[in-house]
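The values are calculated or read from the model by the stated rules, or taken from the named source; none is laboratory data. All of these numbers come straight from a predicted model, not from anything done at the bench. Glycine also receives a Cβ, built like all others from the backbone with ideal geometry; neighbour counts cover every protein chain displayed. Remember, those area values only see protein heavy atoms, side chains included, never the ligands or the DNA or RNA. Shrake-Rupley method; radii C 1.70, N 1.55, O 1.52, S 1.80 Å.
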Amino acid sequence: MSQVSDTTHAVRLDGKVVAGHLLASLRDSLQSVIKSSQRAPKLVVVQVGEDPASSVYVKNKIKTAQSLGMASEHRHLPESISEQALFAELDQLNQNPSIDAVLVQMPLPKHLDALSVIDRLGASKDVDGFHPVHLGNLVCGNPGGVLPCTPAGIMQILEHYRIPVEGKHAVVIGRSNIVGKPLSLMLLQGNATVTIAHSRTRNLSELTRSADILVAAVGVADLVTGDMVKPGAVVIDVGMNKKDGKLVGDIDQAAVGTVAGYLTPVPGGVGPMTIAMLMKNTWTLYQQHILQV
Ligand code: NAP
């Protein structure tokens, strides 16, 4: 760990640095594959409609895949596409042996049901790790699978900064299938004692003040204030909210930064890890597919 904490400011848990290490090691692995004349892993990103934020995310994912030497493709489908037509597209991607990993960018237009779409995609190409098979493996503690990117990235940050999880009280605010629930399972697997809070939780501040590790994955700007945090706690800010035209998290960074021991910034904390883990999952699926041939 390179940073040293002073008495007034939390150590910055720099997701860009951790993601940089992971991407560099993936780039090395890919170079050996390319040198040995094997085909490169291929990631396809399916975007439905014109959501501007989604367009930025898709562009970044494709750009990162290309920078590693992966093959990639952006399939941009019209907002009005029927479920049947989208399913036909996914079936085609599923049957194509040169494609290892498929991501359907969320959110989908309202007439499409995300769970049915993930189900149709199937586990063997679901690079997001959202398919029930991947989540089931996580529940059962089966190692080596494809894990949801954002929570897996958070665990990687904790590991990189050598922050112990075992025996700690972890409070996770948010219970979505993509962040809160899988992260809670991962922390549990690391032998933390985990409390999950959500919109119906009573006395949230009382709970958060007892957290050694506090994670906010909510989507409400500055929900967690300085008085809600135990001095010295590890605080992870997953939120991505727009406030006065700026990207902010769920944590009041200025106030919490003077109380917490460690804090992920926004931007530059969890966000870069999500993309890096996506690349790692593409690599994992590629290896699984290559072994099957
Ligand atoms: P989500 O599906 O909307 O879930 C939000 C969760 O927060 C729900 O469980 C909800 O409770 C809970 N909640 C809402 N208001 C609350 C309150 N006042 N007090 C306590 N809990 C409350 O969101 P998500 O997909 O998990 O994403 C959460 C945030 O993380 C968003 O800002 C999103 O943009 C961001 N995110 C960032 C990354 C990244 O790479 N940095 C990746 C994914 C998501 P109920 O279940 O009771 O409704």
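Give me the pairs: first residue in region 257-270 and polar (S, T, N, Q), second residue outside any loop (DSSP other than H, G, I, E, B) and within 8 Å of the ligand (Cβ to nearest atom), beta-carbon distance under 6 Å, and six or more apart or on different chains, which are they?
From region 257-270, the pairs are 264/270.
Out of the residues in region 114-132 meeting the condition of being within 16 Å of the ligand (Cβ to nearest atom) and part of a loop (DSSP other than H, G, I, E, B), tell me which one is surrounded by the most Cβ atoms within 10 Å (Cβ to Cβ).
By that ranking, first place goes to 127.
May I ask you to list the residues in region 253-293 that are more than 14 Å from the ligand (Cβ to nearest atom), part of a loop (DSSP other than H, G, I, E, B) and open to solvent by less than 30 Å² (accessible area, probe 1.4 Å)?
260, 261, listed by residue number.
How about region 25-43: which of its residues are under 15 Å from residue 65 (Cβ atoms) and part of a helix (DSSP H, G or I)?
Residues of region 25-43 that are under 15 Å from residue 65 (Cβ atoms), as a first pass: 26-27, 29-31, 33-34, 39-43.
Correct list: 26, 27, 29, 30, 31, 33, 34.
Check region 5-17 and report whether any residue there is open to solvent by 40 Å² or more (accessible area, probe 1.4 Å), of a type outside the set (Val, Ile, Thr) and free of Cβ contacts under 8 Å to residues at least 60 places away in the same chain.
yes
Taking region 177-210 only, how many residues are within 8 Å of the ligand (Cβ to nearest atom) and open to solvent by less than 50 Å² (accessible area, probe 1.4 Å)?
Looking only at that region, the number is 5.
Where in region 133-248 are there strands (runs of 3 or more DSSP E), lying wholly inside it, with at least 2 residues that are hydroxyl-bearing (Ser, Thr, Tyr) and more than 17 Å from the chain's Cα centre (by Cα)? Before you say what the answer is, go through the steps one by one.
Values: elements: 169-173, 193-197, 213-216, 234-237, 241-243, 246-248.
Output list reads 193-197.
Looking only at region 211-249, count how many residues are more than 12 Å from the ligand (Cβ to nearest atom) and more than 26 Å from residue 166 (Cβ to Cβ).
Qualifying residue count for the region: 6.
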